[in-house]
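First the structure, in the form of structure tokens, and then the observations on it.
The values are calculated or read from the model by the stated rules, or taken from the named source; none is laboratory data. Keep in mind that this is a model prediction, so the values were computed, not measured. All Cβ positions, glycine included, derive from the backbone under ideal geometry; neighbour counts span all protein chains shown. When the accessible area is computed, the model is the full protein with side chains, heavy atoms only, and any ligands, DNA or RNA have been set aside. Shrake-Rupley method; radii C 1.70, N 1.55, O 1.52, S 1.80 Å.
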Amino acid sequence: MSDLNVTVRPYRPSDSTGLWKLKEGFERGLGEGTGGESKAARYDAKLTETYRDHYLAWVGRCVDEDPQSVQVAVDDDGEIVAAGEPIGYVFVLPSSLSFIWDAAVLNELYLHPDVRGTGIADRLMEAAIETADEQELPLDRIVLDVDQKNERARAFYEKYGFEHWGEMVARDL
């Protein structure tokens with residue numbers, strides 16, 4: 001697995017099918033293992049065609065504003081997925097949305113399960129930090145939301161110097 005030939009590059013509209021497959025994995029991963037069956041069912045239920053269309057349109061708008069906002073790790077040789085298809089992605093919101101948290105926002109980072117632990121996540125994180133560093137921000141920081149029960153993700157982000165900052169609370173509507 002360490003001999004994978006992978007390129008990290010900006011997202012292209014032709015990546016939409018592969019990105020959506022990864023997004024489904026991201027969403028299902030949020031529901032699995034971090035909140036029981038009801039959370040998993042709730043996240044799974046939102047993955048409709050309408051949600052897909054809205055998500056990909058939003059990605060398109062973000063990429064139109066900042067081509068570096070979504071970057072993909074592409075399997076060049078087709079060892080995990082079809083050659084040229086994404087096996088991971090990172091999504092940093094465009095700087096126009098930095099006022100949400102007064103900072104750059106790392107919205108999503110996700111890897112196909114078969115390539116976790118290979119260093120590809122590190123390459124995506126480096127791309128995210130570079131993208132955020134180039135943004136004009138109210139405060140020079142990058143923030144993200146990570147589930148407290150997702151120990152693997154928390155350890156990964158801590159490796160990059162992310163620290164607990166504030167607390168997010170939520171309620172159902």
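Give the cross-link partners of Lys46 among the lysines, using a straight C-alpha distance below 24 Å as the criterion and excluding same-chain residues fewer than 8 apart. Excluding near neighbours in sequence, the set is Lys21, Lys23, Lys149.
For GluC sites (Glu not before Pro), the sites in region 60-136 that DSSP calls loop and that have at most 13 other Cβ atoms within 10 Å are Glu134, Glu136. Listed by chain and number, the aspartates and glutamates placed with their C-alpha closer than 13 angstrom to that of Lys159 are Asp122, Glu126, Glu151; residues fewer than eight positions away on the same chain are left out.
At most 16 other Cβ atoms within 10 Å and a DSSP loop assignment: could you name the trypsin sites (Lys or Arg not before Pro) in region 1-88 that fit? Provide the component values of the computation, followed by the final result.
On the way: sites: Lys21, Lys23, Arg28, Lys39, Arg42, Lys46, Arg52, Arg61; in loops: Lys46.
In loop regions of region 1-88 (DSSP not H, G, I, E or B), the sparsely surrounded trypsin sites (Lys or Arg not before Pro) are Lys46.
Within the straight-line cut-off of under 14 Å between alpha carbons, the aspartates and glutamates reachable from Lys39 are Glu27, Asp147, Asp172, sequence neighbours fewer than 8 places apart in one chain being disregarded.
Estimated from helical segments only, the mean residue ellipticity of the chain at 222 nm is -12000 deg cm²/dmol, where each DSSP H run of four or more residues counts as -39500 (n - 2.57). With all protein chains present, how much of the accessible area of region 82-163 (probe radius 1.4 Å) comes from carbon and sulfur, to the nearest whole percent? On region 82-163, the fraction of accessible area on carbon and sulfur atoms equals 45 percent.
Multiply the residue gap between Glu49 and Glu79 by 0.36 nm, knock off their C-alpha separation, and tell me the result in nm, one decimal place. Could you put the intermediate results ahead of the total?
Details: separation 30, 0.36 × 30 = 10.80 nm, distance 2.82 nm.
Separation in residues times 0.36 nm, less the Cα-Cα distance, equals 8.0 nm.
Of the labelled figures (1) 14.4, 44; (2) 15.8, 47; (3) 23.8, 75, only one reflects Rg and Dmax of the Cα atoms in Å as derived from the coordinates, namely (2).
Can you list which of the trypsin sites (Lys or Arg not before Pro) found in region 140-173 are DSSP loop residues with at most 16 other C-beta atoms within 10 Å?
Numbers: sites: Arg141, Lys149, Arg152, Arg154, Lys159, Arg171; in loops: Arg141, Lys149, Arg171.
Sparse-neighbourhood loop trypsin sites (Lys or Arg not before Pro): Arg141, Lys149, Arg171.
Excluding ligands, DNA and RNA, the accessible surface per residue across the chain is 58 Å² with a 1.4 Å probe.
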